[in-house]
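The values are calculated or read from the model by the stated rules, or taken from the named source; none is laboratory data. These figures come from a predicted structure and were not determined experimentally. Please note: Cβ atoms are built from the backbone with ideal geometry, for glycine as well, and neighbour counts cover all protein chains shown.
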There are 2 protein chains.
Amino acid sequence: MNLTGEMLIGQKAVKGSRDPIHAINPATNERLEPGYAGGTQADVENACQLAWEAFDRYRETSLEDRATFLETIADEIEALGDALVERAVAESGLPQARIQGERGRTCGQLRLFAKTVRAGEWLDVRVDPAMPDRQPMPRADLRQRHIALGPVVVFGASNFPLAFSVAGGDTASALAAGCPVIVKAHAAHPGTGELVGRAIQAAVKKCGLPEGVFSLMFGSGREVGTALVSDERIKAAGFTGSRSGGIALWKAAQSRPEPIPFYAEMSSINPVFLLPAALKARGEEMGKAFVGSLNMGAGQFCTNPGLVIAIKGPELDVFIKAAGEAVKESSAQTMLTPGIFEAYENGVKSLQDSGKAQEVARGQKGESPNQCQTGLFKTSAQDFLASHALQDEVFGSTSLVVECADEAELKKVAEHLEGQLTATLQMDDADLDAARKLLPTLERKAGRILVNGWPTGVEVCDAMVHGGPFPATSDSRTTSVGTAAIFRFLRPVCYQDLPEGLLPDAIKNDNPLKLRRLLDGKREK
Amino acid sequence: MNLTGEMLIGQKAVKGSRDPIHAINPATNERLEPGYAGGTQADVENACQLAWEAFDRYRETSLEDRATFLETIADEIEALGDALVERAVAESGLPQARIQGERGRTCGQLRLFAKTVRAGEWLDVRVDPAMPDRQPMPRADLRQRHIALGPVVVFGASNFPLAFSVAGGDTASALAAGCPVIVKAHAAHPGTGELVGRAIQAAVKKCGLPEGVFSLMFGSGREVGTALVSDERIKAAGFTGSRSGGIALWKAAQSRPEPIPFYAEMSSINPVFLLPAALKARGEEMGKAFVGSLNMGAGQFCTNPGLVIAIKGPELDVFIKAAGEAVKESSAQTMLTPGIFEAYENGVKSLQDSGKAQEVARGQKGESPNQCQTGLFKTSAQDFLASHALQDEVFGSTSLVVECADEAELKKVAEHLEGQLTATLQMDDADLDAARKLLPTLERKAGRILVNGWPTGVEVCDAMVHGGPFPATSDSRTTSVGTAAIFRFLRPVCYQDLPEGLLPDAIKNDNPLKLRRLLDGKREK
C-alpha cells in the first residue's frame, strides 16, 4: 500500500491544508515521506459530524456485529504484512521483534475485546420487576443497561505506535463500548497511523457500518487535539503521553460547557521496594534484573522502574554495585523521537544539577543519533522527601535509588509518593510482615502491585489495571489496558415501564441475549 | 435526646466557633433553637485527619462487619423515634407522612446497601492465573479487586432532610464502599442532621469501628465545604443541590493538585413528551395526573416535571385546559426554606418577564409564609429553541408547556434539551413508531426514561439510575440512587504474583468469600 499522507474522514481520504508533519527516523535523523498535512477546524467539524451521525446506529449494533467488526480490524491489520512492521520500525527506532510483538498484542487485544463484547457483562443488566400490589406504594418495572457515551477522541501515544495508537487499547475499548472514534495520530509515526487507519477504514466498509464510526486526523501542535476535545459532539477522550500535554487537554475537556470524561495516562516512576531479607539474599541478582527492566525499550515504557527504595547498608551497596556494573555495560538504544531524546537528556541533567542526586553509573554513550545513555543515581530519603523535583519522571532508562535510614523512613518515603501505575515489592518469606505493613500504602498509591517481578510490561487481560491515582492517570477509577477499559466509555440508563416493543434486546423480558441479569436482587445463573 | 448544636468530629461533640446557623420553620418563619456554630479550618483539619486515620482499617472491614454497621445505623435512626420526625417536619415544612416515608426510605436504603455489601459483586474480582509455560512470554498471576477511594465528603441536600442528607444515599453508598464520610450538613435542617449524626456516631461505637469513619460538620456559606473538598485527604465528594453551588464545588475539586471525583446532582427539568395518540385518547386525564406530579412536595423534587412537550392543536388544548384547571385548584404548599421560596418567586417572575412564556394558570396563593403558588406557562417551540433561559430549572411547582408545529419540531426540541435526570413519554400503542424514533434522543439526554408514568419519585433498587448527562449531574457514568451508586467510590487494584499470605480475602486462591469471580476469562457459577 502506498502512503498518501492523507487524513481519513469517514470513508474519504482528505489532504490536510496545514503545515505537513514528517516522521523522522530517529536512528538516522532521516526525514520520511510523505508529509502529513494537518487538519483544519473544518476537517474537525466534518469528522465530528460524521461520528455524531454514526453514533445512534453504531451503539445499537448487535453484540455479534460489533465483535465481528473488532475482529475484522485485527484481520485487516495483519493483512498489512511487513509493510506495517517496516514503517513502524523506521518511524520509532524500535527493534523489528518488538514491533512484531506489539502488532500481536494489538490484534490480540482487539480480539479479546470482541470476546468481552459478546459476553455482554459490560451491559450490567439489572431488572427490578413491577410490584403493583406493594404497600404503601407499588413499584414500577425498572430495567437498567449501559449504553455508549458518544463519539470518543483517542490520542495516539509516542511509545506504542501500534498497541496504544490508532487501533490501540483506547480505540479498541471505545469501539467495543459502542462509541465512534476519531483518532488524533501521534506526530512521531504518521505513516504507521495511516496504514492502521486504512485497515480500520476497510473494516468499517466490510462490516457495513456507518462511515463516521472511524476517522483519523493529523496535526502538529495542539490545534487539532484541542478542537476535537472541545467539540460538543465529542463525549469522552483517551490520552497517553506527557503530564503537561495530558493536563492541558484534560483542562480543555473540563472547561467545556458540558465537561466530559478525559482519560489521561500521564506520569509514573513505578517505585520498587527492596525489602531487607530479599536484599540480603539476592542483592546482586536483583541489581542485574532491575537494569534489565530499566533498559527495556530504552526505558520508554509507562511502567519503567524509575525509583528504587531500600534501607541503607552493605546489602543495599551490593545491589547498587551490581546495578551500577550492569548500567555501565548497557548499550545505548535509539529513542523514539529527537524530542524525547532531548527531554531525556534534560531530565538527566536536572538530576545531575539538582545537588541532591549522586551519579552511580552511566551506560555506554550512543554513536548514532538520539541514543539513550542509561543512568543510575542515588539519593538520601531526607533529600528525596525535601525535593519534589526528584519525583519527576525522566522518560527513558534512568533510575534513582533512595536510601532510607530504617523501615519507618522507608514507609515515609512510600507515603510521600505521588500516584503511580505500579509499585513493586522485592521480598522473601522473612519480609512478609514488612510487606504487610507497606501494602495499604501501596494500594492507595498504585493501580498495580507486583511482588518479585519488574513492572515493565503490561499483560492485556481481564484482571489488569493500567491506571492509578493522579498524576499516573487523571481518573483512578479506571484502567486503560485490559477488558475493564470498556467501562470508561459507558453510562447507565434506566427504563421504567417501557412496553416490550420499545425495550432494547438487552433488557427484554425473555432475555434474548442470554445475559446473567441481576433480577429482582439476585444474580441469574 | 436534647439537641446541643454541636458538630460531631469522630466520637467527640465539638462546639463550632463561627457564626451559628439556626434552622427556620418555613411554615411560621420561627427561628429554631439551638444555634449551630460553624466549624473552622482547624475543625476541618481534625475531621479529615481522623477520617484519614480510619481509612485503611475501615476499608478492610469484612463484608459482614460493614453490612452490620450499615444496618446498625438504620436501627439507631429508627430508635430516635418521633423526635426525629418532629424536628424534620419543623425544619422542612414537609408533612409528617412524607417525613415518615422518607425515614423508611433512608433506613431501607441503608439495609439494601448492607445486602449489596454482603453479595460482594462490587469487588468485581477477576483472576487470570499464571501461565508459566506460555509462549513467547509467560503470564504472571494477575488478580483484580476494587478498593475504596478514600475519605468522602457528603453535602446534605435541602429537599431530602433524611434520604439525601446525613445518612442519605451518598453517605450509605460511600460507607458501603469502605470510605469514611464527613458530612457537611445542610443549613436548613441542622437539628435533623445532629440527630441522625448522633445515630451514626453511636453505630460507629457499637460496631467498634475507628472513630474517624464518620464526622458531621456545620457551617454557613461555602468556607467549610470548600475547605473539605480541597483537603488532600479527601478523595471524592457527593453533592445534591443547585447548579451554581454544584459547579462551584466541582471546580474546587478539579483545581486541587490532585483532582478528585465530585458527584454533583444539580439541575433537571424532566421533560414529558405527550405523543399524539395518547394526547387524543386521554388529554384531560393526563392534564390532571400531570399536575398531581407537579405539586408533589411543592415541586421540590429533582425529578419534578418542569417541561411538557407536545404537538400544537385541539388535543393539546384539552390537556392544557385540564391542567390549568387543576393548577387553579392547587393549594399553596410550604416550601423548604425562605431562600428556596424567594428563588422560586424569582424564577416564576423571570418566566413572566421573559416575553416568551404565556401564563396558563396559577394556583392558590399562600396565606402563611413561604408558600409555593403552582404555575403553568406555555411557549412555542420556536421561542423555546431561541431562548436558552427557558430551560432554566424553576425549583418548585411550576412547569412550561412547549407547543410544537409537528413531529419534526418536537424532535428538534428534544435534541435541544440539556442533560436530564428523567425523560417521560406519554404514549399509546399507536404512538409506538413515534416513540421509537424519539428513544435514541432520550437515551442520550436522560438517565431514566419512563413510559406512561410521571417522573416524580425515585425507587431505591438495583436498576435505578438517578443521574444523567451534564448539567443533570457532573458525571453521567454514575447514579446517586440505587445500589449501583456504590461504584462511585471504588477503584480497581491489580495484584501481580502476590504470595497467598499477602493477598486480601477477596482474591485469595480458595475464594473464602465465595464470590463469582471472572476466572481466566469465564464467570464462575
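Restricting to the stretch A:356-372, count the residues that are part of a loop (DSSP other than H, G, I, E, B) and surrounded by fewer than 22 Cβ atoms within 10 Å (Cβ to Cβ).
Summing the residues that are part of a loop (DSSP other than H, G, I, E, B) and surrounded by fewer than 22 Cβ atoms within 10 Å (Cβ to Cβ) in the stretch A:356-372 gives 7.
Does the stretch B:300-317 hold any residues that are part of a loop (DSSP other than H, G, I, E, B) and touching a residue at least 60 places away in the same chain (Cβ under 8 Å), and which are they?
Answer for the stretch B:300-317, where residues must be part of a loop (DSSP other than H, G, I, E, B) and touching a residue at least 60 places away in the same chain (Cβ under 8 Å): B:300, B:301, B:302, B:303, B:304, B:305, B:306, B:312.
Looking at the stretch B:446-468, which of its residues are over 25 Å from residue B:114 (Cβ atoms) and surrounded by fewer than 24 Cβ atoms within 10 Å (Cβ to Cβ)?
B:451, B:452, B:453, B:454, B:456
How many residues does the stretch B:422-448 contain that are of a type in the set (D, E, K, R), assigned to a helix (DSSP H, G or I) and in contact with a strand residue (DSSP E or B) (Cβ under 9 Å, 6 or more places away or on another chain)?
Residues meeting the conditions: 4.
Check whether at least one residue in the stretch B:514-525 is within 30 Å of residue B:129 (Cβ to Cβ), under 29 Å from the mean Cα position of the chain (by Cα) and within 7 Å of chain A (Cβ to nearest Cβ), and report yes or no.
No.
Considering only residues that are assigned to a loop (DSSP other than H, G, I, E, B) and either of a type in the set (A, V, I, L, M, F, W, C) or not assigned by TED's automatic domain parsing to the domain that holds residue B:280 (or both), look in the stretch B:319-352 and name the one that is farthest from residue B:188 (Cα to Cα).
Restricting to residues being assigned to a loop (DSSP other than H, G, I, E, B) and either of a type in the set (A, V, I, L, M, F, W, C) or not assigned by TED's automatic domain parsing to the domain that holds residue B:280 (or both), the top hit is B:332.
Of (1) within 8 Å of chain B (Cβ to nearest Cβ); (2) part of a loop (DSSP other than H, G, I, E, B); (3) touching a residue at least 60 places away in the same chain (Cβ under 8 Å), residue A:458 satisfies all except one. Which?
Unmet for residue A:458, out of (1) within 8 Å of chain B (Cβ to nearest Cβ); (2) part of a loop (DSSP other than H, G, I, E, B); (3) touching a residue at least 60 places away in the same chain (Cβ under 8 Å): (1).
For residue B:102, indicate whether it is at pLDDT 95 or above and more than 14 Å from chain A (Cβ to nearest Cβ).
The answer is no for residue B:102.
Condition check: farther than 27 Å from residue B:150 by Cβ, within 8 Å of chain A (Cβ to nearest Cβ) and either crowded, with 24+ Cβ neighbours inside 10 Å or not acidic (Asp, Glu) (or both). Does residue B:386 satisfy that?
For residue B:386, the condition - farther than 27 Å from residue B:150 by Cβ, within 8 Å of chain A (Cβ to nearest Cβ) and either crowded, with 24+ Cβ neighbours inside 10 Å or not acidic (Asp, Glu) (or both) - is not met.
Please state which one of B:123, B:142, B:110 is modelled with pLDDT of 95 or more and facing another protein chain (nearest Cβ under 9 Å).
It is B:142.
Every residue in the stretch B:491-510 that is under 35 Å from the mean Cα position of the chain (by Cα) and either assigned to a loop (DSSP other than H, G, I, E, B) or more than 7 Å from chain A (Cβ to nearest Cβ) (or both), please.
Those that are under 35 Å from the mean Cα position of the chain (by Cα) and either assigned to a loop (DSSP other than H, G, I, E, B) or more than 7 Å from chain A (Cβ to nearest Cβ) (or both): B:504, B:505, B:506, B:507.
Being in contact with an Asp or Glu (Cβ under 9 Å, 6 or more places away or on another chain) and either among the small types (Gly, Ala, Ser) or within 28 Å of residue A:303 (Cα to Cα) (or both) is the filter here; which residues of the stretch B:506-525 pass it?
Matches in the stretch B:506-525: B:508, B:509, B:517, B:518, B:519, B:520, B:521.
Working carefully through the options A:406, A:433, find the one that is modelled with pLDDT of 95 or more, away from chain B (no Cβ under 12 Å) and surrounded by fewer than 16 Cβ atoms within 10 Å (Cβ to Cβ).
Only one candidate qualifies: A:406.
Which of (1) assigned by TED's automatic domain parsing to the domain that holds residue A:162; (2) touching a residue at least 60 places away in the same chain (Cβ under 8 Å); (3) charged (D, E, K, R) is the odd one out, the single condition residue A:111 does not satisfy?
The single condition residue A:111 does not satisfy is (2).
Which of the strands (runs of 3 or more DSSP E) contained wholly in the stretch A:76-187 include at least 1 residues that are within 19 Å of the chain's Cα centre (by Cα) and crowded, with 21+ Cβ neighbours inside 10 Å?
Strands (runs of 3 or more DSSP E) meeting the threshold: A:152-155, A:181-184.
Does the stretch A:409-422 hold any residues that are within 10 Å of another protein chain (Cβ to nearest Cβ) and either free of Cβ contacts under 8 Å to residues at least 24 places away in the same chain or touching a helix residue (DSSP H, G or I) at 6+ places or on another chain (Cβ under 7 Å) (or both), and which are they?
Scanning the stretch A:409-422 gives A:418, A:419.
List pairs: first in the stretch A:332-349 and in contact (Cβ under 8 Å) with a residue 24 or more places away in the chain and under 18 Å from residue A:389 (Cα atoms), second aromatic (Phe, Trp, Tyr) and surrounded by 15 or more Cβ atoms within 10 Å (Cβ to Cβ), Cβ under 9 Å, 6+ apart or cross-chain?
Filtered contacts from the stretch A:332-349: A:343/A:395; A:344/A:395; A:347/A:395; A:348/A:377.
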